[in-house]
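The values are calculated or read from the model by the stated rules, or taken from the named source; none is laboratory data. Computed from a predicted structure; not experimentally measured. Cβ placement follows ideal geometry from the backbone for every residue including glycine, while neighbour counts extend to all protein chains displayed. These area figures cover heavy atoms from the full protein model, side chains too; ligands, DNA and RNA do not enter into them. Shrake-Rupley method; radii C 1.70, N 1.55, O 1.52, S 1.80 Å.
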Amino acid sequence: MQKPEAIQLLKKILNNPSAEFRFGQWEAIDAVANHNKKLLLVQRTGWGKSIVYFLSTKILRDNGRGITLIISPLLALMRNQLDAAKLIGITAETINSANTSEYISDWGNDFRSDYRRIKKLWRSS
C-alpha cells in the first residue's frame, strides 16, 4: 500500500477528512508493512502508535500475512484500539482481566513470565 491509500484509511479511523500522518508515522508503517522490517516503536502517549499498529496490520493482512500482537497496559486503551481496528475491517480480540470466561492463565505475578516469551516470538518472525 502506498502513502495516499494509507492516508485515506487514517482519515477513516480518525473520522477526520483533513487528517495527515504525524512525523514518523508513515515511515514506521512503511518499514513494517511494505519492507518487512522489524520495528520497536517508542513514542510519547498520544503520538499515535495505535495508528501505526493498525494500518501496518491492515496492509499486512490485505497482502495475506499473519497476525499482529499488540501489548497494551490499559483496559480503556484496549477498547479504543479494538474500535479503531473494526473501523478499517480488522478482526481483533483482547485478552485481559475483564474477560474472565476466556482466561489463558491466572492474573497476577504468574503472567509476567509470558511477557518474557514475547522475545521468542520476535526472534522467530
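Listing for the model above:
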quantity	calculated
Among the residues listed as 70, 13, 51, the single one being among the aliphatic types (A, V, I, L, M) and in contact with a Phe, Trp or Tyr (Cβ under 6 Å, 6 or more places away or on another chain)	70
Failed item in (1) modelled with pLDDT of 85 or more; (2) assigned to a helix (DSSP H, G or I), with residue 119 passing the rest	(1)
Every residue from the range 56-69 that is part of a helix (DSSP H, G or I) and more than 14 Å from residue 38 (Cα to Cα)	58, 59, 61, 62
Those residues of the range 5-28 which are touching a residue at least 40 places away in the same chain (Cβ under 8 Å) and open to solvent by less than 100 Å² (accessible area, probe 1.4 Å), in sequence order	6, 9, 10, 13
Count of the range 1-55 residues which are in a helix (DSSP H, G or I), of a type outside the set (A, V, I, L, M) and at pLDDT 90 or above	10
Criterion (closer than 20 Å to residue 25 by Cα, open to solvent by 30 Å² or more (accessible area, probe 1.4 Å) and at pLDDT below 80) met by exactly one of 82, 69, 87	69
Where residue 31 falls short, out of the listed (1) free of Cβ contacts under 8 Å to residues at least 12 places away in the same chain; (2) open to solvent by 100 Å² or more (accessible area, probe 1.4 Å)	(2)
Meets criteria (exposed (fewer than 11 other Cβ atoms within 10 Å of the Cβ) and over 16 Å from residue 10 (Cα atoms)) for residue 46	no
Complete set of residues in the range 1-52 that are closer than 21 Å to residue 86 by Cβ and of a type in the set (Asp, Glu)	5
Failed condition for residue 99, given (1) more than 11 Å from the chain's Cα centre (by Cα); (2) at pLDDT 90 or above; (3) open to solvent by less than 30 Å² (accessible area, probe 1.4 Å)	(2)
